[in-house]
Amino acid sequence: MSRTTHPSSFPTTPFTRLTTHTAPVHALAFSSGSGQYLLTGSQDRSIRLFNPTSSKLIQTYSAHGYGVLDLAVSTDNSRFASAGGDKVVFIWDVASAATVRRFQGHAGRVNGVRFAGEGDAVVVSGSFDGTVRCWDLRARGERAVMVWGEARDSVSCVAVAGGSVWAGSVDGRVRCYDLRAGEVEVDCLGASVTSLGVTGAGDGYLVSTLDSKIRLMDCGSGACLQKFGSEGFVNEEYRVRSTLGMGDAVAISGGQDGRVFVWDVLSGEVMHRLWHKRGGEAEGAMGGNSGKRDVVSAVAWNQTRKMWASAGGDGEVVVWGKGD
Amino acid sequence: MSSKRSRAAFETDHAPPAHAPYALYGTPLPAYDLDARDDGSYVPIWKQEVTDERGRKRLHGAFTGGFSAGYFNTVGSKEGWAPSTFVSSRANRAKDGKAQSQGQRVEEFMDEEDLAEQAESQKLETQGGFAGLGSGSGDGGGKGMFADLFRAEGETMGVKLLQRMGWRQGQGVGPRVKRRAQGDDKGEAHLFAPVNAPMITISRKTDHKGLGFAGEEKLENEALSTGRDDDDDDERDARILQSNRSKVLTKPKKVKTSSLGVGVLNDTGSDDEDPYVMGPQISYNRIIGGDKKKKKGGIMASNAVPAVSRPVFTSKKLTQRTATSAGFRKCHDGRLPLDGFVLSLAPLTITEENKHPPPEVPPGWQSTKTSTAGSTTTDPNSTPTFTSTADAAKLSTLNPTSRTALLGEQPLPGKSIFDYLSPATRAKLATATGHSNLPPARNERAPAGFEASEADSKRRTLWDLVPALDKETAGAALQRGKTGWMPYAEDEGKRERYRSFLELKAGLRADLPERAEGFGLEAWGREMGEFAQAAEVFKPISGLMATRFTSSASGAPRLASDAIEPAAAARVERGRSEDPAEKAAKMGMFGPLTRSKVPFYPTRLLCKRFNVRPPANVGADRDEGGGGGAEGGGAGNKRLEVVNQASLDRMMREANWEKRPVAGEGGFVSGGMEGGSGGDGGGEAGGKEEELARERLPAEVSVDTNEALEGRKAGEAVFRAIFGDSDEEE
């Protein structure tokens, strides 16, 4: 049988453009399970819930006093976590659009947040203050269960798989906190880490660094399994998120110039260069210069519906799908 | 009436005659009137109440109201009864039961009275009272307050010593006297202890009252004085001798009231003294030398004398003799004075002028021991006198140079700084220091080879412009400039000057920092001051703070919303010392070179939340769940014991990774560790792999399930085979 996740069938048609955000969008998250809804977090301090197929705005979540930098949706879709410039990790109730918990303790803006543990009992957040904090959702306490301060610089992203927590830091290292083994595996990447994504099996992770490279690393040995780069793919300045898609068959990342790059994981070749920027094709042909509005800072893949979304400095969210 | 009546009804029914319904014999008591206040009036028995001393209605009898114990005369308490010796054997095995001793304490059998008594007996007290200075025993005058603190009453060490030597209380001190017993004129003489003569205290008379008058008695002393035994009218006689005793000591025995009248309180109840009798109330001895009756049979009864010595009467005969024959008297202890001594009749007073003044110094007498300090200067040839070395040193007019000359030493070759000073400079120095005795200025030329050149002196003045800066600070700032950042990035020339300034201050070079073109002396100095401040500011953070911070490996990622910083790109570090891992990463040699492992200690709670068995370094309890991992992947059970579960896991994972189809179907097939992925193909292989992965998981401690009880859950593949359908694909 032929696998539906073959890279060749990568959806490349932008069929929806969500333009309700008035400021750069920093975070994208599809709902868990079927991925019916898309959650976007923006610098305009609001989080919005869209139906990407109908491009309808369902809900606006506003409690943040600063820009929203990361989002995470719980497995049962009843709650989601958000974090941003106000140093607080918010746990939201999706239906009532109210915050259920607020975790204070970080000393700087919170760059990344993820659900973790069995039954999403823990929220892990990484912050500008260089710490990763684990918050217990089951207990009433407001204090972090654990604080990991190994990072020597801002923690830019966190990822969770099974009993391990990955934290990428600006000091150029990815730290894997293996709870089972009780040890931290530190992988040096050489450049500031901007994005982390774990493979479905939890045995590898995709990491973006500020040297315009995206790497697929092996968890076990720390070896680099694949390196993704391209002429034209520049990421030296901005926090650009990357993700694995098509069942870990492709790697997707935005670039600084308004394009989205899609690589084949196996070969490491660039499959697609897609313009997120409105009218980018014409401009790209002219070789226009890129500003910070062009940065495609977040991408999200929806495995169930075989679609994905990209968002960036222009505040627009593009949902990509099959053309037909 | 068969139904029961209430008492009120009964009383109202029988109201008019019902005053005493129970009186069966005798005359009935008068009617009970509610309003009549009569303490002794009749109260019907049912209205009488028995209360204890606190007004509580408790039945009491006997002494303080009878036996009342426990809780409402029960052995229990409000919470019920529990024997005090009962110790729950479940909670603590009666281990303190032994300490408390099985038997009851005495206190348990005591009632309140007994307890109060016991508490009273446990009060801390001194064994004997304390007497103040000079106060006699039993005399209430000196009692109380601080006087109690001064002297312990009772047997002093002297008394004890005397008793050892055969002395008894009440006897006098000295060899025994052979005489007849007192009152016995014809009996044979026995050896008696000497008479216990009282110590005579002579105090000055300071008041203007008559001789022997001791003032009026205070009311409060009345009881004391009446309580005294009356044999001390002897003492009153003795008061003639001691007429000036202090008032504290001489409390007259009788109440000497004023003649104005007697109050109720002054009434002692004795009939024999008429308070209204006219005449002087002073009780003088009206008979001199009159024999008085003696109650005691001499000193024989001295054993019965109370332990404390009170002023005892000296025999009247003696007093008589003292009064009559002045020259021939006995001492107050009843013995003749020593041979050659005559008792003085003159009163002994302390404040009298000195009768023995120091002898007059004859006029014109000259001591040979007068101080000669003043005379040395005037007459050095006089007799050798003592002078202290300090005085001698002060007097000496020699200076070190003259001393060397005196001693014949070679003058030292060194020269004083004053030798090179000009007189004007010396004068300046003298005014500045205030010392006028500075060595003279010689205005000599500098020795050969040390002459200051013209340029040198000019440079000196230029050096004065260079601000001071710590060598360490300069070095640190320089180091920082080398490795990382240095101020004045916008002006290369200025930065160069800054660097040279730091190098100079760090001691790396000796010449003056160069001056920019067009800079005056003043501007140059100002710039150097600025450099010095900059070095203070920009030196790297030291010590603890330095470990807390680090400069970022490269530019931190910026958010799309961040403001544009044009200079951000310029902030690339150079010359930064890289650690080998980073070097390897730069070269793309990912793997063992870039990987390092640090132990960390997840909290137990976090492991529980992750549903992960805590690692060994947390100290996991290994009592259960070992079976879950035992079947994993065909690994031998023994190996599991030897190899750490986590490392085994990793080994398995790695092995699995290599096994994975790399080419062909394309892409990294997820092992399906989480959430049932890998179901896209729906194939058996995926299911098996997933099951394998599940089994590879180390033993998980689950609070909800207990495998030992529930038995093995069927693998998910089985469930999928039965219930699975195609919509599960992800």
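Observations, loosely collected:
- Here the sum of -39500 (n - 2.57) over DSSP H runs of 4 or more residues, divided by the residues of chain A, equals -500 deg cm²/dmol at 222 nm, to the nearest 500.
- Here's how it looks for residue A:111: its modeled amide H is under 5 Å from those of A:126, A:127, A:128, which are all 5 or more places away or on a different chain.
- Kirkwood hydrodynamic radius of segment A:14-321, from inverse mean 1/r over distinct Cα pairs, in Å: 18.9 Å
- Distance (nanometres) between label positions extended 7 Å along Cα→Cβ at residue B:108 and residue A:100: 5.9 nm
- Computed from the C-beta positions of residue B:390 and residue B:366 and an R0 of 45 Å, the FRET efficiency is 0.95 to the nearest 0.05.
- Inter-chain shielding of A:108-117 (mean C-beta neighbours from other protein chains, 10 Å cut-off): 1
- Each Lys and Arg Cβ is given +1 and each Asp and Glu Cβ -1; about its Cα centre, segment A:14-321 then shows a dipole of about 840 debye.
- Packing-based exposure ordering (other Cβ within 10 Å, fewest first) of A:80, B:719, B:501: B:719, A:80, B:501
- Loop GluC sites (Glu not before Pro), segment A:91-172, which have at most 13 other Cβ atoms in a 10 Å radius of their Cβ (DSSP): A:142
- B:605, A:49 arranged by Cβ crowding within 10 Å, fewest neighbours leading: B:605, A:49
- Charge dipole of segment A:14-321 about the Cα centre (unit charges at C-beta), most positive-ward option of A:296, A:224, A:73: A:73
- Phi-derived couplings, Karplus 6.51 cos²θ - 1.76 cosθ + 1.60 at θ = phi - 60°, listed residue by residue for segment B:583-592: 4, 4, 5, 4, 7, x, 8, 6, x, x Hz, with x used for Gly and Pro.
- Distance in nm between pseudo-label sites at residue B:117 and residue B:403 (7 Å out along the Cβ direction from Cα): 9.2 nm
- Over 20 Å between alpha carbons, listed pairs B:394/B:428; B:160/B:330; A:227/B:583; A:87/A:213: B:394/B:428; B:160/B:330; A:87/A:213
- For peptide A:190-202, the mean count of partner chain Cβ atoms within 10 Å of a residue's Cβ comes to 5.
- A cut-off of 5 Å between modelled amide H atoms, ignoring neighbours fewer than 5 places along the same chain, links residue A:27 with A:41.
None of the figures in this text is laboratory data; all of them are computed from the coordinates on show. Quick caveat, the model's predicted, so the values are computed rather than measured. Note: ideal-geometry Cβ built from the backbone for every residue, glycine included; neighbour counts use all protein chains shown.
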